[in-house]
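For reference, the structure discussed in these notes is given below.
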Amino acid sequence: MRIGFIGLGNMGGGMAANLVEAGHQVRAFDLSEVALGQAKKAGCATFPTAKEAVSGVEAVVSMLPNGGIVKSVYGSDVIGHAPGGAILIDCSTIDVATAREVGAMAADGGYMMVDAPVSGGIAAASAGTLTFMVGGEDEAFRRAEPVLADMGKAVIHAGDAGNGQAAKICNNMLLAVQMIGTAEAFRMAERLGLDPQTFYDISSVSSGQCWSMTSYCPVPGVGPESPADKDYQGGFATALMLKDLKLAMAAAENAGSKTPLGQHARALYEDFAAENGGLDFSAIIRTL
Ligand code: NAD
């Protein structure tokens, strides 16, 4: 398939490379020459503008920093420039309202579009093991699914336009709350005289068990290898968790949903990110 790919950064670079690997012809565009150079090495054809990259394609995939950029790229360079039959797939993490707005712009232009944000970081993007949460009509999902399957391990339909983003921010809000809770429990256990490994052995098979404990433990040397074992380098950056929590709180306000723990998690991550935005989000344990 001929695929236009816009946004070849930390995530998009690996995703585009996996599409090439799967046998697609990838036409790539990014504002960064460095990103374009890497895409070329991975086997993408590179173009000086997004309009040229989406010319004659059957699908467009984007992986961009935020909703403002997604809206401007689709509004100026994709809608009306990609062929009418192309399926449009935005994988960026953006706010639900903008995702729905861009979806409606695409529909007005005669295109099918899905929002398909991901779970999984840079390593999963490179390995082709992302999980995609997809919002859009049934037919749009059916057309996007095989393209997404070439970049991930799971592709899940979450409902209509914007529902992929809704699933992503609800999941990440839960993750943030769960990580802070896990970190608090380990610190308190230690203060009460429990060895962290002993607490892990007990809690990981008791009702406090959760992903933050058994797959991504914030305490070094406990549980499977995690960023805590590498001094909180790599993994999911605190700055990106804060971005998702801000999107979650904006969506909660729009929807009139009460999220007291989500708000608290956002405040704690905001303070922590001021000095530690590059560290993995499990490093929040250092504040306790
Ligand atoms: P990044 O900054 O590494 O990549 C973004 C790329 O978009 C850059 O190469 C930039 O030059 C390019 N870009 C910006 N404006 C552009 C424009 N107008 N036209 C073309 N290219 C443009 O960011 P990333 O880490 O790859 O993240 C991308 C998206 O994925 C974000 O929405 C992020 O929230 C989401 N995400 C990231 C991770 C992660 O672990 N990094 C995990 C899940 C989701």
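For K41, give me every one of the lysines with a C-alpha distance below 22 angstrom, ignoring sequence neighbours fewer than eight places off in its own chain.
Answer for K41, where 22 Å is the Cα cut-off: K51, listed by chain and number.
Provide the packing ranking of 230-239, 127-136, 155-164, 205-214, i.e. peptides ordered by the mean count of other C-beta atoms within 10 Å per residue, highest first. Please report the intermediate quantities before stating the final value.
Numbers: 230-239: 17.4, 127-136: 22.4, 155-164: 20.8, 205-214: 14.7.
Highest-to-lowest ranking by the protection proxy: 127-136, 155-164, 230-239, 205-214.
Cα gyration tensor of the range 26-86, axes a ≥ b ≥ c as square roots of the eigenvalues: rounded (a/c below 1.5), prolate (a/b > b/c) or oblate? Don't skip to the answer; put the middle values down first.
Numbers: a/c = 2.11, a/b = 1.24, b/c = 1.69.
Oblate shape, in that a/c is at least 1.5 and b/c is the bigger or equal ratio.
Heavy-atom accessible area per residue, the chain, 1.4 Å probe: how many Å²?
Values: 12960 Å² over 288 residues.
It amounts to 45 Å² per residue over the chain.
Please name whichever of G75, F281, G103 sits farthest to the positive end of the charge dipole of the chain, dipole taken about the Cα centre and charges placed at Cβ: Lys and Arg +1, Asp and Glu -1.
Of the listed residues, the answer is G75.
Would you work out if the range 176-232 is rounded, prolate or oblate? Take a ≥ b ≥ c from the square roots of the eigenvalues of the alpha-carbon gyration tensor; rounded if a/c is under 1.5, else prolate when a/b is larger than b/c, oblate otherwise. List each step's numbers first, then the result.
Details: a/c = 1.37, a/b = 1.20, b/c = 1.14.
Rounded, because the longest to shortest axis ratio a/c is under 1.5.
Give the angle, between 0 and 90 degrees and rounded to the nearest 10, that separates the Cα long axis of helix 10-21 from the longest principal axis of the Cα atoms of the chain.
Rounded to the nearest ten degrees, it is 50.
Which links in K71/K153; K168/K243; K168/K230 stretch past 19 Å when you go from one Cα to the other?
K71/K153; K168/K230
Quick check on the range 1-148: take the gyration tensor over C-alpha atoms, sort the square-rooted eigenvalues as a ≥ b ≥ c, and tell me if it's rounded (a/c under 1.5), prolate or oblate.
Rounded, since a/c falls under 1.5.
Helix-only estimate, please: 222 nm mean residue ellipticity of the chain, summing -39500 (n - 2.57) across DSSP H runs of length 4 or more and dividing by its residues, to the nearest 500.
Working: 12 runs with 139 residues, N = 288.
So the calculated ellipticity at 222 nm is -15000 deg cm²/dmol.
Evaluate the charge dipole of the range 1-153 about its Cα centre and quote only its size in Debye, nearest 20, assuming +1 on the Cβ of each Lys and Arg and -1 on the Cβ of each Asp and Glu. Intermediate results must be reported in sequence, preceding the final value.
Working: 10 positive and 16 negative charges, 74 e Å.
That gives the range 1-153 a dipole magnitude of about 360 debye.
Relative to the longest principal axis of the chain, what angle (0 to 90°, nearest 10) does the C-alpha long axis of helix 260-276 take?
90 degrees
If one computes the Cα centroid of the range 235-259 and of the range 82-132, what distance in Å separates the two points?
19 Å
In the range 152-288, what percent of the accessible surface is made up of carbon and sulfur (1.4 Å probe, ligands and nucleic acids excluded)?
Roughly 55 percent, rounded to a whole number.
Take every Cα pair under 8 Å in the range 141-252 that's 6+ residues apart, average their separations, divide by the length, and report that relative contact order as a whole percent. Intermediate values should be presented prior to the final figure.
Working: 77 pairs, mean separation 23.7, N = 112.
Here the relative contact order equals 21 percent.
Can you tell me the orientation of helix 163-191 relative to the chain, as the angle in degrees between its alpha-carbon axis and the longest Cα principal axis, to the nearest 10?
20 degrees
The values are calculated or read from the model by the stated rules, or taken from the named source; none is laboratory data. Owing to the predicted nature of the structure, the values given are computational and were not obtained by experimental measurement. Don't worry about glycine lacking a Cβ; one is built from the backbone with ideal geometry, like all the others, and counts go over all protein chains shown. Surface areas here come from the heavy atoms of the whole protein model, side chains and all, with no ligands, DNA or RNA. Shrake-Rupley method; radii C 1.70, N 1.55, O 1.52, S 1.80 Å.
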